[in-house]
Amino acid sequence: MADSLEELLSATAPEAAPALLGAVLVRSDSQATVALRLTEVEAYGGPADSDLPDPGAHTYRGRTARNASMFGPPAHLYVYFTYGLHHALNLVCRPDGHAGGCLIRAGELVAGEDAARRRRSANRATEPAHAALARGPGNVAQALGLDRSDDGAPLRYLGSVPDPVLAAQRLVTEHPGYPKPWTGIFLPEHTGQAEMATTARTGVSGEGGTDAFPWRFALKNDPTVSPYRKAAVKKRRTRP
């Protein structure tokens, strides 16, 4: 296990992502403090001309105003708006100038569930079940209250602890909200305690979603993990 968050996230995303499973992400603002145990993470690499080319990544065609946060420095947030519907959260990896990030696909709410439930239920006819509150990247960002204004914000290192869930619950109890928003993470002191599944990334079209990129990592049999969807491989058009 890395000695610090910056050390962990200075690695490539495929190296860092498995170590994030079981960590607890804490998001606080003036309304509430919410804590999420991470159960599913996907890794994303860099541009076509980089040392880790990734056709499934936003960075594949190079740096833009939208994806600039993915190029570092590490231990920052990359929050983007996708499909005109929802936001998604990545934890930025690699040294400054090298693109990479870990997409937070799913987690379990372990503190601040009432606030997360209000956010998730705002435009729904029924309330989602506990396991579904942060299942899927859009639901993660909504439950945590993240949007594009959080893009590029630093990720606080809250420490490596024996029980990240207990540490986060204590923090939320003692500090239910802060005037200025921030996002932090508790890392587990030891990894590998739970069985992990590794697959191709879910729902990624083209080569980036194939078995050539087995960069989806999830806790086995955890009810919060999103269903795996095989990639839709793009077919070249042929003239009749």
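Would you calculate the separation in nanometres between label points at His175 and Glu6, each defined as 7 Å from the Cα along the Cα-to-beta-carbon direction?
Result for the modelled spin labels: 1.9 nm.
In whole Å, what three semi-axes, largest first, describe the equivalent ellipsoid of the chain built from its Cα gyration tensor (square root of 5 times each eigenvalue)?
Three semi-axes, in Å: 28, 20, 18.
Evaluated at 10 °C with a viscosity of 1.306 mPa s, what Stokes-Einstein diffusion coefficient in µm²/s does the range 174-231 have when Rh comes from the Kirkwood expression over alpha-carbon pairs?
111
At R0 = 45 Å, how high is the FRET efficiency between Ser121 and Glu189 if r is their beta carbon distance? Nearest 0.05 is fine.
Using R0 = 45 Å, I get an efficiency of 0.80.
Scan around His76 for amide H atoms under 5 Å from its own, H built in the peptide plane at 1.01 Å from N, and keep only partners 5 or more places away or cross-chain.
Val92, Leu155
For a quick check: sort Leu219, Leu158, Leu166 by the number of other beta carbons within 10 angstrom, fewest at the front.
By the 10 Å Cβ count, ascending: Leu166, Leu158, Leu219.
About the Cα centre, and with charges only on the beta carbon of Lys, Arg (+1) and Asp, Glu (-1), how big is the dipole of the chain? Nearest 20 debye, please.
1340
Identify which of Arg66, Arg105, Arg94 has the largest mean-square fluctuation in a Gaussian network model of the chain, with springs joining Cα atoms closer than 10 Å.
Comparing Arg66, Arg105, Arg94 in the GNM, the peak value goes to Arg66.
Net charge near Thr12, counting Lys/Arg +1 and Asp/Glu -1 over other residues with Cβ under 11 Å of its Cβ?
-2
What residue among Val204, Val41, Val92 shows peak mean-square fluctuation when the chain is described by a Gaussian network model with Cα springs under 10 Å?
Val204
Going by average Cβ neighbours within 10 Å, how do the peptides 172-178, 77-83 rank, with the highest at the top?
With the highest mean Cβ count within 10 Å placed first, the list reads 77-83, 172-178.
Would you mind computing, in nm to one decimal, how far apart the modelled labels at Trp182 and Val161 are, each placed 7 Å from Cα along Cα→Cβ?
1.5
In whole Å, how far is the Cα centre of the range 11-52 from that of the range 73-150?
Answer, in whole Å: 10.
Note down the nm distance, to one decimal, between modelled labels 7 Å out along Cα→Cβ at Ala131 and at Arg229.
Output for this residue pair reads 2.0 nm.
Provide the net charge surrounding Asp150, with neighbours chosen by a C-beta distance below 15 Å and charges set as Lys +1, Arg +1, Asp -1, Glu -1.
Within the 15 Å Cβ shell, the charges total +3.
Where a number appears in this text, it was derived from the coordinates with a stated rule and is not lab data. Predicted model, so just to flag it, every value in this text is computed and none were measured. With ideal geometry, Cβ positions are generated from the backbone for all residues, glycine too; neighbour counts draw on all protein chains shown.
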